[in-house]
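Here's the structure, in structure tokens; my notes come after.
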Amino acid sequence: MKITSCTSYPAAFIKMLAVMAALAISFVTSARSLRVLAIGNSFSEDAIEQNLYELAAELGDTLIIGNAFIGGCSIDRHVDNINNNKPEYAYRKVVDGIKTDKPSSVLFDIITDEPWDIISLQQVSQWAGKSDTFKNLTALKEYVVNNMPNKDAEIVWHMTWAYANDFKSDNFRHYGFNQEAMYDSIVNVVKTIIPEHNINLVIPSGAAIQSARKSFGDVLNRDGYHLAIPLGRYTAACTWCEFLTGKNITKCSYHPADISDSDAKKARKAVHKALKRYKKLPQK
């Protein structure tokens, strides 16, 4: 059998192979593996426990996703749990696209479980636009920073969304049962209060939902405050994905089967628009 030297191949073919190899190397090096933890409540459940892993995977990135979950948990309650080492968290974790749930966890164990790259904080939804409810935010942040294994991890703020206009809960009374008033209050907190606690990066789920309402109407909540399944949750997951990966979410095509291609495109466009407006805050 005759062995042909590579020098006998046409120069154009050799050049093509070199270009293909360079592209392959570029793709591999641009792919990232990120560990992200939300210290939150049901609003972080809505945003990250479904769709986010799949969206990032399509864009070439691998995520380990953690959620320190207590329904309706406020900043003050997180701090009380820390001070009293209360095992009140359901630790939801997504690895390789598979979700597990470890109940009765303490926050310290969740924070130290992985060398997280991104750790998000958030306020309970009814207080998200009330500036006088954030006094304990620095205490929560300092606890996280002092205990996180990866000292280079970014602490970010998860901006949550305003309620549906027809929501009748007393929690909505704080905003006069007015979605725009609630949204404006949340925006004000994000721009004025959050930087005071030296948090300058924002995952703007609330802005993305508000933007998407211009395309879909006020249908992105399933019960007045939690996100509609699947479209509301998909919109929030797209917001997290573009923030975490830094890649334009409009270039992604993944969506659940029960969302149409057209609606998925509208949601991704709303998300990209929101990320342009809210991501990095001015430092105080």
Could you tell me the ratio Rg/Rh of the range 76-191? Both radii from Cα atoms, Rh via Kirkwood. 1.01
Cross-link partners among lysines for K247, C-alpha distance below 16 Å, same-chain residues fewer than 8 apart left out? K265, K269, K273, K276, K279, K280
Please figure out what share of the DSSP beta bridges in the chain is antiparallel and state it in percent, rounded to the nearest 5. 40 percent
Taking the alpha-carbon distance from K99 and a cut-off under 13 Å, which aspartates and glutamates remain once sequence neighbours fewer than 8 residues away in the same chain are dropped? E45, E49, E54
To the nearest 0.05, how large is the calculated FRET efficiency for K276 and F108 if R₀ is 35 Å and r is the Cβ-Cβ distance? 0.40
Report, by chain and number, residues whose modeled amide H sits under 5 Å from the one on R92, excluding near sequence neighbours (fewer than 5 apart, same chain). N67, F69, K102
Determine the calculated [θ] at 222 nm for the chain from helices alone, applying -39500 (n - 2.57) to every DSSP H run no shorter than 4 residues and normalising by the residue count; nearest 500 deg cm²/dmol. -13000 deg cm²/dmol
Compactness check, the range 131-272: C-alpha Rg relative to the 2.2 N^0.38 Å globular estimate gives 1.13
Would you mind listing how long the chain runs along its three principal axes, going by Cα atoms, in whole Å with the largest first? 83, 42, 37
Provide the FRET efficiency to the nearest 0.05 for the E142-T100 pair, computing r from the beta carbons and using R0 = 30 Å. 0.55
Tally Lys/Arg at +1 and Asp/Glu at -1 over every other residue whose Cβ is under 15 Å from the Cβ of T250; what's the total? +4
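Could you give the size of the charge dipole of the range 183-273 about its Cα centre, using +1 on the Cβ of each K and R and -1 on the Cβ of each D and E, expressed in debye and rounded to the nearest 20?
The dipole magnitude comes to about 340 debye.
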When the gyration tensor of the range 58-131 is built from Cα positions, what are the square roots of 5 times its three eigenvalues, in whole Å, from largest to smallest? 23, 16, 11
Expected vector for the range 163-174, Karplus 3J(HN,Hα) from phi with 6.51, -1.76, 1.60 and θ = phi - 60°, integer Hz, x for Gly and Pro, equals 6, 5, 4, 8, 6, 10, 5, 4, 4, 7, 4, 4
Filter the trypsin sites (Lys or Arg not before Pro) in the range 75-161 to those in DSSP coil with at most 10 other Cβ atoms within 10 Å of their Cβ, and list the result. K151
Please state the relative contact order of the chain as a whole percent: Cα pairs under 8 Å, 6+ residues apart? 18 percent
Starting from the Cα of K102, draw a straight line to each of the lysines and keep only those under 26 Å, dropping any in the same chain fewer than 8 residues away. K86, K93, K141, K151
Short version: ³J(HN,Hα) in whole Hz for each residue of the range 122-135, in order, from phi by Karplus 6.51 cos²θ - 1.76 cosθ + 1.60 (θ = phi - 60°), x for Gly and Pro, what are they? 7, 9, 4, 4, 5, 9, 5, x, 10, 5, 7, 9, 10, 4
Karplus-derived 3J(HN,Hα), 6.51/-1.76/1.60, for each residue of the range 211-226, Hz, glycine and proline x: 5, 5, 4, 5, 8, 9, x, 8, 10, 8, 10, 8, 9, x, 9, 6
How far, in degrees from 0 to 90, does helix 137-147 lean away from the longest principal axis of the Cα atoms of the chain, to the nearest 10? 40 degrees
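Quick note: the coordinates plus some simple rules give every number you see, no bench work behind them. Source: prediction; values computed, not measured. Cβ: placed from backbone, ideal geometry, glycine included. Neighbour counts: every protein chain shown.
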